[in-house]
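Single-structure report; data block below.
Readers should treat all values here as calculations from the given coordinates under stated rules, not as data from a laboratory. As the structure is a prediction and not an experimental result, all values here were calculated from the model. Cβ coordinates were reconstructed from backbone atoms using ideal geometry, including for glycine residues, and neighbour counts include every protein chain displayed.
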Amino acid sequence: MLKALQSLASKQQANITTHEVGADFIIGLDTNKNMLFFLKNTAEKTIENTLLLSDYKECRVLKFGKNGNARNTSHTIETLKLEFIPKFNTQPTTQLELFNEDTNIQLNGELEIVNTWHPILQQKIAEA
């Protein structure tokens with residue numbers, strides 16, 4: 001997956017300077033160009049996202065469970081996403097799904113990845 005992520009980055013004349021691999025996804029960052037790259041393999045297709053972090057004003061963690069919002073109880077999480085809020089209302093929000101109970105039986109490090117990457121992404125957005 002790293003080669004595919006590096007290929008995605010090279011299309012933008014970017015280089016992956018840091019990355020992390022999840023169960024069915026990889027997330028990477030070019031710290032010099034302030035760009036985020038995300039690849040996720042599903043049964044039907046491969047999802048590719050490239051985000052210029054300077055286009056966004058905020059990154060949020062979205063956790064949803066059986067009882068709605070599952071902020072503090074990782075065992076009830078059904079869906080885990082990073083949501084990017086654009087600076088301008090003319091652009092749509094972007095959501096990167098790291099975990100979905102429908103495709104993955106249980107969490108496999110995704111919560112730790114979100115907890116690591118969220119503050120990094122918030123800092124990069126604030127610096128932009």
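Computed values, structure above
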{"quantity": "Lysine pairs with alpha-carbon atoms under 16 Å apart, region 2-127, spacing 8 or more or separate chains", "calculated": "10"}
{"quantity": "Residue-averaged [θ]222 nm for the chain, counting only DSSP H segments that reach four residues, each worth -39500 (n - 2.57)", "calculated": "-6500 deg cm²/dmol"}
{"quantity": "Region 2-127, dipole about Cα centre (Lys/Arg Cβ +1, Asp/Glu Cβ -1), debye to the nearest 20", "calculated": "280 debye"}
{"quantity": "Which label in (1) 13.4, 41; (2) 14.4, 43; (3) 18.1, 62 gives the computed Rg and Dmax of the Cα atoms in Å", "calculated": "(2)"}
{"quantity": "Per-residue ³J(HN,Hα) for region 35-46, Karplus 6.51 cos²θ - 1.76 cosθ + 1.60, θ = phi - 60°, Hz, x for Gly and Pro", "calculated": "10, 10, 10, 9, 10, 9, 9, 10, 4, 8, 6, 9"}
{"quantity": "Using a Förster distance of 22 Å, the FRET efficiency for residue 12-residue 104 (Cβ separation, nearest 0.05)", "calculated": "0.20"}
{"quantity": "Exposure proxy ranking, count of Cβ atoms within 10 Å, fewest first, for 2, 98, 39", "calculated": "2, 39, 98"}
{"quantity": "Environment charge at residue 126 (Cβ cut-off 10 Å; Lys +1, Arg +1, Asp -1, Glu -1)", "calculated": "0"}
{"quantity": "Longest exposed-site-free window of the chain, the sites being trypsin sites (Lys or Arg not before Pro) in a DSSP loop that have at most 12 other C-beta atoms within 10 Å", "calculated": "72-128"}
{"quantity": "Mean separation of Cα contacts under 8 Å (6+ apart) over length of the chain, as relative contact order %", "calculated": "19 percent"}
{"quantity": "Residues with amide H under 5 Å from that of residue 78, placed H, sequence gap 5 or more", "calculated": "64, 65, 66"}
{"quantity": "Karplus (6.51, -1.76, 1.60) ³J(HN,Hα), θ = phi - 60°, over region 7-19, in Hz, Gly and Pro reported as x", "calculated": "5, 4, 5, 5, 5, 9, 6, 10, 10, 6, 9, 8, 8"}
{"quantity": "Ranking of 31, 90 by count of other Cβ atoms within 10 Å, fewest first", "calculated": "90, 31"}
{"quantity": "Signed unit charges on C-beta, dipole axis of the chain, positive-most listed residue 128, 100, 84", "calculated": "128"}
